Amino acid sequence: MEADQAASRIGTTTADFCAGVRDCTAHLPVALAAYRDGDSEAFHDSAAEAAAAESACDDYARDLRTALATLDPDLTGVYLRARDLLDLLSRLDDVANAVEDALAALASMAPDLDASGDALVDLGTLAARASERLCDAVEEYVVALCADESPTIERETIDAIRDVEHRCDELKQDALAAAFAPGLSVNGLAVREVTLALDGVANTVEDAADQLAVVASATP
């Protein structure tokens, strides 16, 4: 009974954690569009909501680390995958951290995005979609594992996330080219830092997807 309750808690907390990451990343394109359009209030509101979601993710991640580190061996499926799951959940937490960091960089540097704004909004939109797909896959996998079922990860899901990351790289290059088209400038350098931080969201999503593929491949 205790093992069943522990498994249920891990599954429920994972679902809450994934919902938090989805919520955090969903604010990214909204905040970017508001900034591009000159709506400072909407930008700061969205950035604050993303930061609040990231803080909630930290709490869920902490609870999951504690639960996975103190697992009963009777939870065979989860117990055998505990170390890999810890790495996976840490990488997923990095996605929310990357969103908060990128929006904080944009707020602090406050560059003019007239030339690069559309590309960066598109980048944020794609990163958020990839994060949502990743969170769905992680949640389904862990919940199934905790239910002592045979979880599976579709190869198409991993490949789709990798494709999005490649597209984000292209958008990153478009944004940088537009920022430096007039020549080297302080604003261009600020746009560069913000662009790299935003691209970091897509990179962390891909890293987490790669770890999910590793975990799934090791599951009997």
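Relative to the longest principal axis of the Cα atoms of the chain, helix 40-69 runs at roughly 20 degrees. Relative to the longest principal axis of the Cα atoms of the chain, helix 2-36 runs at roughly 10 degrees.
What a 1.4 Å probe finds exposed on the chain is 48% carbon and sulfur by accessible area, rounded to a whole percent. Against the compact-protein benchmark of 2.2 N^0.38 Å, the Cα-based radius of gyration of region 49-199 scales to 1.27. With all projection directions averaged, the alpha carbon convex hull of region 142-220 covers 5.9 nm². Packing-based ranking of 151-163, 56-68 yields 56-68, 151-163, ordered from highest to lowest mean Cβ neighbour count within 10 Å.
Using the Cβ of Asp93 as centre and a radius below 9 Å, the other residues enclosed give a net charge of -2, where K and R count +1 and D and E count -1. Computed from Cα positions, the angle between helix 76-109 and the longest principal axis of the chain comes to roughly 20 degrees. The Cys residues in the chain with no partner Cys Cβ within less than 4.7 Å of their Cβ are Cys24, Cys57, Cys146, Cys168. Size descriptors for region 51-133: radius of gyration and Dmax over Cα atoms are 17.3, 58 Å.
The values are calculated or read from the model by the stated rules, or taken from the named source; none is laboratory data. Remember, predicted model here, so these are calculated numbers, not experimental data. As a convention, Cβ positions derive from the backbone with ideal geometry for all residues, glycine included, and neighbour counts pool all protein chains shown. Calculation scope for accessible area: heavy atoms of the full protein, side chains included, ligands and nucleic acids excluded. Shrake-Rupley method; radii C 1.70, N 1.55, O 1.52, S 1.80 Å.
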